[in-house]
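Trainee: Structure incoming, see below.
The values are calculated or read from the model by the stated rules, or taken from the named source; none is laboratory data. Worth saying up front: this structure is predicted, and the values here are computed from it rather than measured. Glycine also receives a Cβ, built like all others from the backbone with ideal geometry; neighbour counts cover every protein chain displayed. These area figures cover heavy atoms from the full protein model, side chains too; ligands, DNA and RNA do not enter into them. Shrake-Rupley method; radii C 1.70, N 1.55, O 1.52, S 1.80 Å.
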Amino acid sequence: MTKLIVDGKEIDVPAEYTLLQACEAAGAEIPRFCYHERLSIAGNCRMCLVEVKGGPKPVASCAWGVRDCRPGPKGEPPEISTRSPMVRKAREGVMEFLLINHPLDCPICDQGGECDLQDQAMGYGVDTSRFAENKRAVEDKYLGALVKTSMNRCIQCTRCVRFSAEVCGAPEMGATGRGEDMEITTYLEHALTSELQGNLVDICPVGALTSKPYAFAARPWELGKTQSIDVMDAVGSAIRVDTRGREVMRILPRVNDAVNEEWISDKTRHVVDGLRTQRLDRPYIRESGKLRAASWQEAFAAIAAKTARLDGKRIGAIAGDLAAVEEMFALKDLLAKFGSGNVAVQGGHAFDPKLGRGSYIFNPTIVGIEQADALLIVGSNPRKEAAILNARIRKRWRTGQMKVGVIGEKADLTYDYDYLGAGPDSLAELAAGKNKFLDVLKGAKNPIVLVGSGATSREDGAAVLSAAAKLAVDAGALKDGWNGFAVLQGAASHAGALDIGFVPGQGGLTAAQMTAAGALDVLFLLGADETRVPDGAFVIYIGTHGDAGAHRADVILPGAAYTEKAGLYVNTEGRVQMADRAGFPPGEAREDWAIIRALSDVLGKKLGYDSLAALRQAVFKAVPHLMRIDQIEASDSAAAVRALAGKGGNLDKAPFKAAIDDFYLTNPIARASAVMAECSRLANGQILTAAE
C-alpha cells in the first residue's frame with residue numbers, strides 16, 4: 001500500500017492504482033469522458049486533471065499511476081489536490097475546448113437528461129463562448145440497425161473504439177484523419193456485427209451514439225423504472241425496465257459484477273418492440289379447424305369437457321424457455337392431482353436432478369471464470385448461447401492466463417482457441433489422453449469443462465454430459481475450493497425447473513415421448529413454442545404471442561410476459577433471482593400461475609393457494625433455497641459431478657450441432673420483434689451497408 005494525501009486527507013491505496021482511482025477512494029469526485037473503469041486507458045479528454053504538489057502543471061489522473069508520484073523533500077507522502085484554483089481553471093479550459101465544436105442539440109438529443117457532457121458543463125462550463133468561427137461538421141455514419149449516430153456531437157473520447165476491440169472482440173470501429181479532421185467510423189460503414197453493440201450507447205458520454213429503435217421515443221424523466229432480470233438466456237443479467245404508462249419503452253443494464261458487470265446483449269436490450277406485437281390478449285377455442293375468440297369461462301369449460309373422465313396418465317405438460325418457477329410449480333401440482341408425472345421442460349431431458357444440483361449448474365460461477373487458467377468448451381457456442389458469459393471468457397483470455405479448447409462446431413468466439421474436434425469421438429480421444437490439451441487441463445490450477453446446449457439437447461445428451469463430467473473428474477477439475485464442471489443451460493427456465501423437480505416423475509414421459517403420435521390425449525404447453533406436437537392430442541397453450549404453440553393449440557389461454565409479472569428464475573450458475581412486474585399484460589391476459597389456479601377450480605382439482613405470496617410459500621416449503629434471492633445455494637456439488645460421471649451411457653458419433661442457429665430469433669418475444677428481424681437479416685448478410 002502507498003500513502004497519499006488527497007485534498008488534505010491521508011489515505012492508503014495499492015501502488016497499481018491510478019491517481020483517479022486513488023482520489024475517488026478518498027471521496028473526491030473526478031470528472032471524466034474518455035476514462036471507463038472496464039476499458040483500457042486512453043488519456044485523451046484531459047477532463048480529469050488534478051494538481052500534484054511540486055508539479056509544474058496539472059496531470060491527467062486517469063493515466064498517472066500512484067507509483068509514479070514522488071514523495072516530498074523530507075519523505076512526506078505525495079500531495080494531490082482536486083479542487084485547487086489551478087485544477088478548476090484547467091478543467092474549465094478543457095470544457096471550453098470540448099464545447100467549441102459541440103452543437104446546441106440538447107433540446108432534440110436523446111441523451112438529454114443522461115448526458116455526461118451536460119452534467120460536467122454545469123460544473124465547469126461558462127455561459128458564453130470566445131469561439132466565433134464556424135463549428136466543425138461531420139457526416140453521420142451507418143452502424144447498423146441498433147446504433148444511431150450524430151457525429152457532430154462526438155468528442156473523440158474513443159470509448160466506442162476500445163469497447164468494440166476489447167469487450168466485444170470485434171474491432172470494427174476506429175478513427176480516420178487527424179486533428180480537426182478526425183472522425184470515428186466503421187470500415188467502409190458496414191454494420192456492426194457484435195451481439196453487444198447496444199452497450200456503445202451506454203458508454204458514449206455524449207449524444208453521438210444513441211439507440212436507433214428508441215430514437216425520439218421518450219425522455220428519461222417521463223419513465224417509471226423497475227429493477228428486474230433478463231430471461232433471454234440463462235445468464236440472468238440484471239436489467240432496468242423503463243415504462244411509460246402500460247408500455248415498456250426501453251431496457252437498460254444494471255451493474256452486477258457477479259453476473260453481467262454492466263453489459264447486456266442486444267437481444268436483451270432491443271427485444272422491447274416484441275412485447276407489443278402479435279400479443280395474445282384474449283382466450284381462443286378451435287372450432288371446425290379455426291380459432292375463435294372466447295371468454296375465459298368458455299375456454300375453461302372446453303378444457304374441463306376434454307379432461308373429464310380422462311386417465312390422468314394421458315395428460316402431460318411441457319414448459320418453455322421463459323417460464324418462471326411459480327407457474328411451473330403450479331402446473332406440476334395440477335398434473336399431480338390428475339395422477340400424472342408427465343412434466344418436462346423443453347430441451348432439459350439430459351439432466352437428472354436426483355444426482356444433485358452440481359450436475360446441472362455452472363459450478364465455477366460466472367465470476368469464477370476470471371480465476372480459470374484452462375477452459376474446455378464441449379458442444380457450445382457461448383457467443384450465441386450466452387453473449388455476456390462469452391464476454392467474461394474473452395476478458396479472462398485477454399490476460400494471457402487462460403488457454404481455451406473447443407469440441408464442437410468451429411465458430412468465431414472472439415478469442416483464439418485450440419480446435420480439438422467436432423463430436424463425442426473427440427471427447428473420448430481427449431479423455432484417453434490422445435490429445436495434448438488434456439495435459440493443459442491437468443496442469444491447470446483452476447480448469448473448467450464447459451458443456452453447452454449443443455451437447456445436452458441431443459438424444460445422447462445424458463451420456464455426453466456424463467462423459468464430460470468424467471473428464472472433469474479425471475483432469476483434476478474438482479478440488480478443494482474449486483469445482484470446474486460447468487453446465488451452460490440453454491434457457492432461463494431450465495435450472496429453476498430442475499430445482500423444483502419439473503421433470504418426468506415415476507413412470508412419466510419425457511418431452512420427446514409426450515410429443516410422439518398417440519402418446520397423450522391432453523398436452524399443456526406453458527410457453528413451449530419450440531415443441532412440435534403431432535395431430536391427435538388436445539393442446540392447451542398458455543403463452544404470450546401468436547407463435548408456433550398458439551398455431552397448434554386447441555385452446556389458447558393468454559399469459560403475461562416476463563416484464564408483466566413477478567417471478568422467480570434460477571440462472572445457469574444456480575443463482576436465485578427475482579423479476580419484478582414493470583407493467584400489466586394486455587387485454588384479458590393474466591399471470592400464468594393465476595390462470596393455472598383458476599383452471600384448477602373449474603377442473604375440480606383446486607390448488608391450495610389463492611395469491612402469489614401463498615404460492616411462493618408452497619414453493620419455499622418444497623425447495624427452501626429458492627427463498628434466498630441473489631444467492632447460490634452451497635451444496636456438495638463435487639459429489640453430484642462424481643455421481644454424474646459414474647452414470648455413463650452410449651455416445652452417438654454424430655458431430656455436435658449449434659443449439660442456436662439465429663441469435664436474434666430464439667423465443668416468441670424475439671420472433672415478434674421487427675428490430676430483431678432486421679438484426680437477423682444483417683447477421684445473415686442480407687443487408688450490409690446503408691446504401692443497400
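Trainee: Using θ = phi - 60° and the Karplus relation 6.51 cos²θ - 1.76 cosθ + 1.60, list the HN-Hα couplings for the range 23-33 in order, rounded to whole Hz, with x at every Gly or Pro.
Mentor: Whole-Hz 3J(HN,Hα) from phi for the range 23-33: 5, 5, 5, 8, x, 7, 9, 10, x, 7, 10.
Trainee: Net charge around residue 224, counting only other residues with Cβ within less than 14 Å of its Cβ (Lys, Arg = +1; Asp, Glu = -1)?
Mentor: +2
Trainee: Considering only 629, 578, 617, whose Cα is most displaced toward the positive end of the charge dipole of the range 558-692, charges sitting on Cβ of Lys, Arg (+1) and Asp, Glu (-1)?
Mentor: Highest projection toward the positive end goes to 617.
Trainee: Between their Cα atoms, which of 354/605; 403/647; 89/148; 9/74 are more than 24 Å away from each other?
Mentor: Beyond 24 Å between Cα atoms: 354/605; 403/647; 89/148.
Trainee: Taking 0.36 nm per residue of sequence separation and subtracting the Cα-Cα distance, how much length would be gained by fully extending the chain between residue 105 and residue 182, in nm to one decimal? Before the final figure, lay out the partial values.
Mentor: Numbers: separation 77, 0.36 × 77 = 27.72 nm, distance 2.06 nm.
Length gained, residue 105 through residue 182: 25.7 nm.
Trainee: Show the residues, 5+ positions off or on another chain, whose built amide H is closer than 5 Å to the amide H of residue 18.
Mentor: Those lying under 5 Å, H to H, from residue 18 are 66.
Trainee: Give me the distance in nm between label points sitting 7 Å out from Cα along the Cα-to-Cβ direction at residue 128 and residue 222, one decimal.
Mentor: 3.7
Trainee: Moving on. What ³J(HN,Hα) values, in whole Hz, does the Karplus curve 6.51 cos²θ - 1.76 cosθ + 1.60 give for the range 133-143 when θ = phi - 60°, with x put for Gly and Pro?
Mentor: Ordered by residue, 3J(HN,Hα) equals 6, 5, 6, 5, 10, 10, 5, 6, 10, 8, 10 Hz.
Trainee: While we're on this one: Between the range 383-450 and the range 121-175, what's the alpha-carbon centroid distance in Å?
Mentor: What the calculation gives is 37 Å, centre to centre.
Trainee: Here is a further query. Does the range 351-487 come out rounded, prolate or oblate, given a ≥ b ≥ c as the square roots of the eigenvalues of its C-alpha gyration tensor, rounded meaning a/c under 1.5 and, failing that, prolate meaning a/b above b/c? Kindly include the intermediate steps, with their values, before the conclusion.
Mentor: Numbers: a/c = 1.18, a/b = 1.14, b/c = 1.03.
Note, shape of the range 351-487 comes out rounded.
Trainee: Now a separate question. From the backbone phi of the range 260-274, what are the Karplus-calculated ³J(HN,Hα) couplings (6.51 cos²θ - 1.76 cosθ + 1.60, θ = phi - 60°) in whole Hz, Gly and Pro given as x?
Mentor: 10, 6, 9, 10, 9, 6, 5, 5, 4, 6, 10, 7, 3, 5, x
Trainee: Pop a pseudo-label 7 angstrom from the Cα along the beta-carbon direction at both residue 459 and residue 304 and give the gap in nm to one decimal.
Mentor: 4.3
Trainee: Can you list residues from other chains, or at least 5 along the same chain, whose modelled amide H is less than 5 Å from the amide H of residue 261?
Mentor: Sorted by chain and number, the residues that satisfy this are 256.
Trainee: Among the listed pairs 267/442; 225/306; 57/135; 395/621; 135/395; 410/565, give every one whose C-alpha distance is greater than 32 Å.
Mentor: In this structure, 267/442; 225/306; 395/621; 135/395; 410/565 exceed 32 Å between Cα atoms.
Trainee: What number comes out for the charge environment of residue 93, summing +1 per Lys or Arg and -1 per Asp or Glu over other residues with Cβ under 13 Å away?
Mentor: The answer is +4.
Trainee: With labels modelled as points extended 7 Å from the Cα through the Cβ direction, what inter-label distance (nm, one decimal) is found for residue 295 paired with residue 10?
Mentor: 8.1
Trainee: In the calculated pair distance distribution of the range 1-158, what percentage of Cα-Cα distances lie above 26 Å?
Mentor: Everything past 26 Å amounts to 35 percent.
Trainee: Got a number for carbon plus sulfur as a percent of the range 336-390's accessible area, 1.4 Å probe? Write out the running numbers ahead of the final one.
Mentor: Numbers: 670 of 1380 Å².
With neighbouring chains kept in place, the figure for the range 336-390 is 49 percent.
Trainee: Follow-up question, since we're still on this one. If amide hydrogens are placed 1.01 Å from N in the peptide plane, which non-local residues have theirs closer than 5 Å to the one on residue 374?
Mentor: The list, which skips near neighbours in sequence, is 403, 446, 448.
Trainee: Where the centre of each part is set by its Cα atoms, how far does the range 458-481 sit from the range 15-41, in angstrom?
Mentor: 43
Trainee: Turning to a different aspect of this structure: Using a Förster distance of 22 angstrom, determine the FRET efficiency expected from the C-beta separation of residue 425 and residue 510, and round it to 0.05.
Mentor: 0.30
Trainee: Per residue of the chain, what 222 nm ellipticity follows from adding -39500 (n - 2.57) for every DSSP H run with n ≥ 4, rounded to the nearest 500?
Mentor: Here the helix-only value at 222 nm equals -7000 deg cm²/dmol.
Trainee: Let me ask something else about it. Share of the range 1-130's accessible area from carbon and sulfur, percent, 1.4 Å?
Mentor: Details: 3760 of 7210 Å².
Solvent-exposed carbon and sulfur of the range 1-130 make up 52 percent of the total.
Trainee: For the chain, what is the accessible area per residue in Å² when the probe is 1.4 Å?
Mentor: Working: 28790 Å² over 692 residues.
Value returned for the chain: 42 Å² of accessible area per residue.
Trainee: Carbon and sulfur atoms: what percent of the 1.4 Å accessible area of the range 417-549 do they account for?
Mentor: 48
Trainee: Name the aspartates and glutamates eligible as straight-distance cross-link partners of residue 3: C-alpha to C-alpha under 13 Å, and not fewer than 8 places from it in the same chain.
Mentor: Candidates past the 8-residue exclusion: 12, 16, 68, 76, 79.
Trainee: Can you work out the FRET efficiency for the pair residue 598 and residue 254, with r the C-beta to C-beta distance and R0 = 35 Å, to the nearest 0.05?
Mentor: Computed FRET efficiency for residue 598 and residue 254 comes out at 0.55.
Trainee: Pick out, from 507, 399, 93, the residue whose Cα sits farthest towards the positive end of the charge dipole of the chain, with +1 on the Cβ of Lys and Arg and -1 on the Cβ of Asp and Glu.
Mentor: Selected residue: 507.
Trainee: Let me ask something else about it. Using R₀ = 35 Å, calculate the FRET efficiency as 1/(1 + (r/R₀)^6) where r is the Cβ-Cβ separation of residue 517 and residue 618; round to 0.05.
Mentor: 0.50
Trainee: What does the extension gain come out to for residue 92 and residue 627, with contour length at 0.36 nm per residue minus their alpha carbon separation?
Mentor: 187.4 nm
Trainee: For residue 57 and residue 370 in one chain, what is 0.36 nm times their gap in residues minus the Cα-Cα distance, to one decimal in nm?
Mentor: Working it through step by step, the gained length comes to 108.8 nm.
Trainee: Hey, for a label at residue 584 modelled as a point 7 Å past Cα toward Cβ, could you say which residues of the range 539-568 have their backbone N under 15 Å away?
Mentor: Within reach of a label on residue 584, which here means backbone N under 15 Å from a point 7 Å along Cα→Cβ, the range 539-568 contributes 560-561, 564-566.
Trainee: Sticking with this structure for a sec: Just going by the charge dipole of the chain, with Lys and Arg at +1 and Asp and Glu at -1 on Cβ, which of 66, 388, 351 is farthest out on the positive end?
Mentor: 351
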